[in-house]
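Participant: After the structure tokens below, expect a handful of questions from me.
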Amino acid sequence: MQKRWIFNEDFDGDAINTLQQELNVSHTLAKLINQKGISSFNEAKSFFRPTLDQLHDPFLMKDMDRAVNRLTEAIANEESILVYGDYDVDGTTAVATFYGFLSKFYQKLEYYIPDRYKEGYGVSEDGIRYASQNGYSLIVTLDCGIKALEKVDLANELGIDVIICDHHTPGEETPNAYAVLDPKQVDCNYPYKELSGCGVGFKLLHGFCLQSGFEIEELYQFLDLMAVSIASDIVPITGENRVLAYFGLKKLNQSPRPGLKALIDLCKGNRDLTISGIVFGIGPRINAAGRMDHAGSAVALLLAKDEEEANLLADMVNTKNDVRRDFDNTITEEAIQMITTNDSLTHAKATVLYKEDWHKGVIGIVASRCIEKFYRPTVILTESNDKVTGSARSVDGFDVYAAISECSDLLEQFGGHMYAAGVTMSVDNVAAFQKKFQEVVARQITDEQLIPSLYIDTVIRLEEIDRKFFNVVNQMAPFGPQNMQPVFMTEQIQATNVKLLKEQHLKFTAKQEGTNVAYDAIGFGLGEYYDLVNCGLKFQMAFTVEENDFRGHKTLQLFVKDIKFDD
């Protein structure tokens, strides 16, 4: 699929000159640093040398004082506390963090994860009634609850206080909870708005530690879970998230808890784990527990006390992930066939597919797979508990949550954010939803948004790349949304030693006209260019710089993102 190359023009020439002198780096590196929003030596120091002191005061968050006071009171009065979390990675890591921290010194608590298939997303009536029947007087919701108006009202009627810790976009009305922690509330002045659900729960514990005098270092032992949450929930790696992810990855790579170590071992990686490694390795395995069965097993794994227990639970979770992968592949093939054999679906600007027997646990993955092939906003629907439930995914720059909001008259429930959302509706409304969502997207989406974008930070010559250059770029990590790994473009490239790997990947030596510098390059999925590259045509190349570690011998290698041939 042809990509649009979009060059980053957001930089300040004067600031670049200042950074070049103050940091003693090349003009290209100074430009890359400035593109991260950095204009001075002190800002660069904060970015490249983050500290946990950079975390914001938790009491800047609306309702934090009420939440901390209520939690403190519950512990002092020996009340029973129910820690209630969503079944995805963010929710399960949030529960493992919150329950794991409190259980070190307080025993009258339990965690509760709703069943994806019996209860659905978010706070359920079953969960509230379970709390009531078992004598819980306080529920702390994690990664859910911001739209649970009726469920919170039910809890209030049953004499249960609710503290909501959520990061999703609030509706027009906020639940009547004892305290609502969500930095996305319009009247919340918390400086950083993009925390994960686990992050909001972490801030409540942060406030609790500050007020109660608990050692904050005890809480920092859970930063490995924070890193998994931030990576898996695809939140921006900026500000507070970047600090938490930075130190979380350190812990993950140096002294992870037994459950995470068991998952890392299953991934068979011999390099330090990155955000990307979590997204494609650890995250799907944790998610599989809730997709294929009950997510309680994922929390149990994350709370495992020793290696033996962790390995046993990790094997169970990994088996579920294998089953998940089979469902994912089968349903994706069915979905793609439905599109390619239907002319109106093939040429539509949005995809909405429904099949009553698709597995609810993988429809979000299938939506993402369809976007990889057809690149347009996609909703995949299936039947569950006599309702139709669906997962939506979007393309760069298009707000799928807003589009779904315009179809709210056909929905019983919906929630999410710009790039991912969930919906519930009656079977009778499926056809009307398909039609209306298609119309909304067709009216709002631009032609450019239907073409995949490749963002390029700067043009560079191969001779500028050396070990020092790589080391500085590498210190901009952890990379992820809004702090992506720098992508470079270089021109007048000719390839030698061209090889086609597995009939789909391109490997070659890249040389640039006018220089003797050459680098090994690999382009995954770019095998279609083999003949053109191999016949000596000059081309432009978009790429990242990586380190290849082969049996202890480390060399720099270019990972090619796209190729365009000179006219």
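Participant: Could you tell me whether segment 544-552 includes any residue that is touching a helix residue (DSSP H, G or I) at 6+ places or on another chain (Cβ under 6 Å) and modelled with pLDDT of 95 or more?
Facilitator: Checked against the condition, which is being touching a helix residue (DSSP H, G or I) at 6+ places or on another chain (Cβ under 6 Å) and modelled with pLDDT of 95 or more, segment 544-552 yields at least one hit.
Participant: Kindly list the number of the only condition in (1) touching an Asp or Glu at 6+ places or on another chain (Cβ under 7 Å); (2) buried (at least 24 other Cβ atoms within 10 Å of the Cβ) that fails for residue 253.
Facilitator: (2)
Participant: Still on this structure, I have one more. Taking residue 97 and the conditions (1) crowded, with 18+ Cβ neighbours inside 10 Å; (2) touching an Asp or Glu at 6+ places or on another chain (Cβ under 8 Å), which numbered condition does it fall short on, given that it satisfies the others?
Facilitator: Answer for residue 97: the failing condition is (2).
Participant: Go through segment 405-432 and give me each residue that's aliphatic (A, V, I, L, M) and in a strand (DSSP E or B).
Facilitator: If the condition is that a residue be aliphatic (A, V, I, L, M) and in a strand (DSSP E or B), then 420, 421, 423, 425 are the ones that fit.
Participant: Further, regarding this structure: Report the residue count in segment 4-43 for those that are within 30 Å of residue 452 (Cα to Cα) and either without any contact (Cβ under 8 Å) to a residue 12 or more places away in the chain or under 28 Å from the mean Cα position of the chain (by Cα) (or both).
Facilitator: Number of matching residues: 19.
Participant: Criterion first (farther than 30 Å from residue 230 by Cβ, surrounded by 14 or more Cβ atoms within 10 Å (Cβ to Cβ), of a type outside the set (Ser, Thr, Tyr) and modelled with pLDDT under 95) does residue 512 satisfy it?
Facilitator: Taking the combined requirement at face value, the residue satisfies it.
Participant: Oh, and also: Please determine whether any residue of segment 332-352 is crowded, with 20+ Cβ neighbours inside 10 Å and either out of contact with any Lys or Arg (no Cβ under 9 Å at 6 or more places or on another chain) or modelled with pLDDT under 95 (or both).
Facilitator: Checked against the condition, which is being crowded, with 20+ Cβ neighbours inside 10 Å and either out of contact with any Lys or Arg (no Cβ under 9 Å at 6 or more places or on another chain) or modelled with pLDDT under 95 (or both), segment 332-352 yields no hits at all.
Let's see how each residue does on (1) hydroxyl-bearing (Ser, Thr, Tyr); (2) closer than 27 Å to residue 44 by Cα; (3) under 15 Å from the mean Cα position of the chain (by Cα); (4) not assigned by TED's automatic domain parsing to the domain that holds residue 100:
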{"position": "230", "(1), (2), (3), (4)": "no, yes, yes, no"}
{"position": "245", "(1), (2), (3), (4)": "no, yes, yes, no"}
{"position": "253", "(1), (2), (3), (4)": "no, yes, no, no"}
{"position": "258", "(1), (2), (3), (4)": "no, no, no, no"}
{"position": "265", "(1), (2), (3), (4)": "no, no, no, no"}
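Participant: Go through the residues of segment 121-140 one by one and say whether even a single one is under 18 Å from residue 62 (Cβ atoms), touching a residue at least 40 places away in the same chain (Cβ under 8 Å) and not assigned by TED's automatic domain parsing to the domain that holds residue 412.
Facilitator: Yes; the residues of segment 121-140 include at least one that is under 18 Å from residue 62 (Cβ atoms), touching a residue at least 40 places away in the same chain (Cβ under 8 Å) and not assigned by TED's automatic domain parsing to the domain that holds residue 412.
Participant: Among 286, 275, which is in contact with a Gly (Cβ under 8 Å, 6 or more places away or on another chain) and closer than 15 Å to residue 227 by Cβ?
Facilitator: Step by step, each of 286, 275 is checked, and only 275 is in contact with a Gly (Cβ under 8 Å, 6 or more places away or on another chain) and closer than 15 Å to residue 227 by Cβ.
Participant: Of everything in segment 73-103, what is farther than 11 Å from residue 299 by Cα, out of contact with any helix residue (DSSP H, G or I) (no Cβ under 6 Å at 6 or more places or on another chain), assigned to a helix (DSSP H, G or I) and in contact (Cβ under 8 Å) with a residue 12 or more places away in the chain? Give them in sequence order.
Facilitator: Those that are farther than 11 Å from residue 299 by Cα, out of contact with any helix residue (DSSP H, G or I) (no Cβ under 6 Å at 6 or more places or on another chain), assigned to a helix (DSSP H, G or I) and in contact (Cβ under 8 Å) with a residue 12 or more places away in the chain: 74, 75, 102.
Participant: Working carefully through the options 127, 145, 120, 85, find the one that is modelled with pLDDT under 95 and touching a strand residue (DSSP E or B) at 6+ places or on another chain (Cβ under 8 Å).
Facilitator: Testing whether each residue is modelled with pLDDT under 95 and touching a strand residue (DSSP E or B) at 6+ places or on another chain (Cβ under 8 Å) leaves just 120.
Participant: Please go through segment 396-411 and give me each residue that is among the aliphatic types (A, V, I, L, M) and either more than 15 Å from residue 371 (Cα to Cα) or surrounded by fewer than 21 Cβ atoms within 10 Å (Cβ to Cβ) (or both), ordered by number.
Facilitator: Across segment 396-411, the qualifying residues are 402, 403, 404, 410, 411.
Participant: Could you tell me whether segment 132-149 includes any residue that is farther than 23 Å from residue 183 by Cβ and buried (at least 24 other Cβ atoms within 10 Å of the Cβ)?
Facilitator: Looking for residues that are farther than 23 Å from residue 183 by Cβ and buried (at least 24 other Cβ atoms within 10 Å of the Cβ), one finds at least one in segment 132-149, hence yes.
Participant: So for segment 175-191 (the condition being under 20 Å from residue 419 (Cα atoms), out of contact with any Asp or Glu (no Cβ under 6 Å at 6 or more places or on another chain) and surrounded by 23 or more Cβ atoms within 10 Å (Cβ to Cβ)), does at least one residue qualify?
Facilitator: Looking through segment 175-191, none of the residues is under 20 Å from residue 419 (Cα atoms), out of contact with any Asp or Glu (no Cβ under 6 Å at 6 or more places or on another chain) and surrounded by 23 or more Cβ atoms within 10 Å (Cβ to Cβ).
Participant: Among residues belonging to segment 412-445 that are among the polar types (S, T, N, Q) and more than 19 Å from residue 116 (Cβ to Cβ), point out the one that is surrounded by the fewest Cβ atoms within 10 Å (Cβ to Cβ).
Facilitator: 426
Participant: Kindly evaluate residue 106 against the criterion of being under 30 Å from residue 215 (Cβ atoms), touching a residue at least 60 places away in the same chain (Cβ under 8 Å) and among the aromatic types (Phe, Trp, Tyr).
Facilitator: Judged against the criteria, residue 106 is not a match.
Participant: Let me ask something additional. Of the conditions (1) buried (at least 18 other Cβ atoms within 10 Å of the Cβ); (2) in contact with an Asp or Glu (Cβ under 7 Å, 6 or more places away or on another chain); (3) farther than 30 Å from residue 117 by Cβ, residue 260 satisfies every one except a single condition; which number is it?
Facilitator: Here residue 260 clears every test but (3).
Participant: Look through segment 192-230, keep the residues that are touching a His at 6+ places or on another chain (Cβ under 8 Å) and among the β-branched types (Val, Ile, Thr), and return whichever of them is surrounded by the most Cβ atoms within 10 Å (Cβ to Cβ).
Facilitator: It comes out as 200.
Participant: Among the numbered conditions (1) surrounded by 20 or more Cβ atoms within 10 Å (Cβ to Cβ); (2) within 29 Å of the chain's Cα centre (by Cα), tell me where residue 115 comes up short.
Facilitator: Result: residue 115 fails condition (1) only.
The values are calculated or read from the model by the stated rules, or taken from the named source; none is laboratory data. The structure presented is a predicted model; accordingly, all values stated were derived computationally and were not measured. Cβ atoms come from the backbone with ideal geometry, glycine included; neighbour counts cover every protein chain shown.
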